[in-house]
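J.: The structure is given below, and queries will be raised subsequently.
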Amino acid sequence: MALASEMTAPIAGEAPKRTRSPRGARRQAAGLGRSPRRSERPRWWLYIVLTVGVIAMIIPFVWMILGSFKTTTEIRQYPTEFLPREATFENYVQLFGRLDFATFFMNSIIVAVFVTLGNIVFSSMVGYALAKLEFRGKRLLFGLVLTTLMVPGVVTFVPLFVLTANLGLVNSYPGLILPFLITPLGVFLMRQFMLSLPDDIIEAARIDGASEWRIFLRVIMPLCGPAVATLTILTFLGSWNNFLWPLVVATTEDMYTLPVALALYSVGQNAAQYGLMMAGAVVVVVPVLIVFVLLQRYFVQGIALTGIK
Amino acid sequence: MVALTAAPAERKPRPPREAARGSRRQNRMTLIAWGFAAPFVILFLVFLAGPIVGSLAMSFTDFTTRDLQTPFNVNVVGLENYINLFQDPRFLRSLLNTFVFVVAGVPLTMGIALVVALALDKGIDRFRTVFRVGFYAPVVTSIVAIAIVWRFILQPDGLLNGFLSLFGIQGPSWLQDPAWALPSLVFMAVWRNLGTLMVIFLAGLQSVPKEHHEAAMVDGANVFQRFTNITIPALRPTLLFAAVITSIGFLQFFEEPYVMTQGGPLDATLSSAMYTFDQFGFGNYAFASASSYVLFLAIVLLALIQFRLLGRKQD
């Protein structure tokens, strides 16, 4: 699949060239901001259409949060009312009492933190080599990154499980973490960003006698804040929402991550426990939504930088 | 599977050959650069490249769960798994479902996302951030969690049918009806993925030269003419890119049927990825690998075809 380079080109490569001003380029990279050409007058009916659209987008979240505070009796009655009549925390009490959602939450955090750290460190290192160093095998290395950019997890999970089983890592943190410590996407993102850094500062540091490692740590990395922020958000989110591999490799409850626990409970004996399942969904979704609203600039930047969520 | 263990050694920095033309400085740089790349390369070969090759290799064997401890003690059976696959009506059904999911879901997602992006780009001045955040929010959420919420919304006595009954419409039991189950999942996937394409299209729209629009307006072109003759051609690379990544994402759909329907009713929502997972669950590892490779080939082919089609029109 040598397509990935072409695929990402329209967003990551070509688009910035077309803009004229640096301000435009930045706005474009973030995919936001106002367009300077406001030739047409805003139309009031568009506001109505967009508002209805946004409400339709948001209602499932509202429904989820309201449902998580409803009692079982209230849920059983038909027709269901929108607002809970007597709000209750019972679902959350059960979630963290009878079911062990505190453990699942911690597992999700632990896995996501290590996966994110791994991606930041390793992607930055390769990214620097690919963006700023001339060496034999560079094209081969970058080609490998590009061709594997979009390989679906469903293609690799069977042999990966055989490998993990033979390493004795099934149902362990290393088993959950190791396969995701690197992603071609992370490398691609860091390389794209580092390409935009000027070569002069690196040359200057080399003339001063700094080693490549010192240049990487002291000159390049301090300039990579925005890229690291984006990469952090993308990988943490990817790990937090990851489902297939944890489902395969976590075999007992104490190793479940949140999505695995939620999915398995939702098809098991708790399936009919509407409020409980809604509360579980809230625990998975709401922290992410809060972070997203606070840091939405970086989320959008990630898409603009790589073209992939 | 040999590749899994043997490969990492090969990718290490190669010792400079005597006949190498490169200067000593270049050799040193190659060594340093591969030093930077080494941790990535090792993990890449073991956990990504290895399994990609391993999956293909396994698909030509009779690997089952009993061979887990002795992975090299399997028999090569050639194309048998693939032949059996295409004789299994459930596999063919899963391919059909996946195809329908992509063919219905991708254009729908792209169309709605383009309309929203156009409205946000041109039509309005205020509250853009609010709208953008609202449309994008589903993208960041866990599909598993949100599929559970949708499962309850789509119940026979759920929120959607309650809403429809306000207009005197008796909604079907969306997820239990073989005719409605797959469309319901398509609908949910469109809802979840709209935001990604909206952002990509917004970025693309900002690269459309405004001079072209101004010139066309002087020539008396109306909004629709300008859209089809200026915006769409200028957006072609973006549209192509969006079609490819959305299709690749939709081809792999798994969480939605796993949580909402378990592939039912009557296999109406059994996806290709879900079929693979089921076979893995039964211990048929080789069979699962073969089925996953069919999906993989479909992904590669689809990307190639889309590039051909849209690439040709561009020139």
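Please treat every number below as a calculation from the coordinates, not as lab data. Predicted model, so just to flag it, every value in this text is computed and none were measured. Reconstructed Cβ throughout: ideal geometry from the backbone, glycine too, with neighbour counts over all protein chains shown.
J.: Between B:Thr61 and residues 5 or more places away or on another chain, which pairs have amide H atoms under 5 Å apart, with H built 1.01 Å from N, and which residues are they?
T.: B:Val77
J.: So what's the projected area for segment A:44-88, the Cα convex hull averaged over all directions, in nm²? It would help to have the intermediate numbers written out before the result.
T.: Numbers: hull surface 15.2 nm².
Result: 3.8 nm².
J.: Could you please tell me the mean projected area of the C-alpha convex hull for chain B, averaged over all directions and given in square nanometres to one decimal?
T.: On the way: hull surface 100.1 nm².
Convex hull of Cα atoms, orientation-averaged projection: 25.0 nm².
J.: Output ³J(HN,Hα) for segment A:151-168: one whole-Hz value per residue in order, computed from phi by the Karplus curve 6.51 cos²θ - 1.76 cosθ + 1.60 with θ = phi - 60°, and x for Gly and Pro.
T.: Going residue by residue, I get 6, x, x, 5, 6, 9, 5, 5, x, 4, 5, 4, 4, 4, 5, 6, 7, x Hz, with x marking Gly and Pro.
J.: Taking every residue in A:236-248, how many Cβ atoms of other protein chains lie within 10 Å of its Cβ, on average?
T.: On the way: counts 0, 4, 0, 0, 3, 8, 2, 7, 7, 0, 0, 5, 3.
Partner-chain Cβ atoms within 10 Å, mean over residues of A:236-248: 3.
J.: Span-like helices, chain B: DSSP H, alpha-carbon axial extent 20 Å or more, mean Kyte-Doolittle -1.0 or greater, which ones?
T.: On the way: long enough: B:24-44 (29 Å, 0.59); B:89-118 (43 Å, 1.65); B:181-205 (35 Å, 1.68); B:232-251 (27 Å, 1.68); B:285-314 (43 Å, 1.20).
Sorted by number, the helices that extend far enough and score high enough are B:24-44, B:89-118, B:181-205, B:232-251, B:285-314.
J.: Let me ask something additional. Counting only helical runs of four or more DSSP H residues, what would the 222 nm mean residue ellipticity of the protein assembly as shown come to if each run contributes -39,500 (n - 2.57) and the total is spread over all its residues? Intermediate values should be presented prior to the final figure.
T.: On the way: 31 runs with 408 residues, N = 624.
My calculation for the protein assembly as shown gives -21000 deg cm²/dmol from helical runs alone.
J.: Would you kindly derive the ³J(HN,Hα) couplings of segment A:241-256 from the backbone phi angles with the Karplus curve 6.51 cos²θ - 1.76 cosθ + 1.60 (θ = phi - 60°), listing them in order in whole Hz, with x for Gly and Pro?
T.: 8, 4, 10, 4, 5, x, 5, 6, 9, 8, 10, 10, 3, 5, 10, 4
J.: Can you list the HN-Hα couplings for segment A:106-117, worked out from phi with the Karplus curve (6.51, -1.76, 1.60; θ = phi - 60°), rounded to whole Hz and with x for Gly and Pro?
T.: Once rounded to whole Hz, the list reads 4, 4, 4, 5, 4, 4, 5, 5, 5, 4, 5, 4.
J.: Please work out the Cα center distance from segment A:92-123 to segment A:143-175, rounded to the nearest Å.
T.: If we compute the Cα centre of each part, the gap is 20 Å.
J.: Using the number of other C-beta atoms within 10 angstrom as an exposure proxy, rank B:Trp180, B:Trp34 with the fewest first. All intermediate terms of the calculation are to be shown ahead of the outcome.
T.: Working: B:Trp180 18, B:Trp34 21.
Ordered from fewest to most neighbouring Cβ atoms within 10 Å, B:Trp180, B:Trp34 come out as B:Trp180, B:Trp34.
J.: Could you tell me the calculated FRET efficiency between A:Ala87 and A:Val293, based on Cβ-Cβ distance and R0 = 25 angstrom, to the nearest 0.05?
T.: Numbers: r = 23 Å, r/R0 = 0.93.
It comes out at approximately 0.60.
J.: To continue, here is another question. According to a simple spin-label model (label point 7 Å from Cα along Cα-to-Cβ), what is the distance in nm between B:Phe86 and A:Val286?
T.: Roughly 5.2 nm, to one decimal.
J.: So for segment B:13-123, taking the charge dipole from beta-carbon charges (+1 Lys/Arg, -1 Asp/Glu), which of B:Ile112, B:Thr70, B:Pro39 sits furthest toward the positive end?
T.: Comparing the listed Cα positions along the dipole, B:Pro39 ranks first.
J.: If you rank A:Trp45, A:Trp213, A:Trp240 by fewest surrounding Cβ atoms within 10 Å, what's the result? Please report the intermediate quantities before stating the final value.
T.: On the way: A:Trp45 8, A:Trp213 13, A:Trp240 24.
Going from least to most buried by this count: A:Trp45, A:Trp213, A:Trp240.
J.: Place a point 7 Å from Cα of B:Leu31 in the direction of its Cβ. Which residues in segment A:132-153 have their backbone N less than 17 Å from it?
T.: Inside the label zone: A:134-137.
J.: Given charges of +1 on the Cβ of Lys and Arg and -1 on the Cβ of Asp and Glu, with all other atoms neutral, how large is the dipole of chain B about its Cα centre, in debye to the nearest 20? If you can, show how the numbers build up before the last one.
T.: Working: 23 positive and 18 negative charges, 290 e Å.
Dipole size: approximately 1400 debye.
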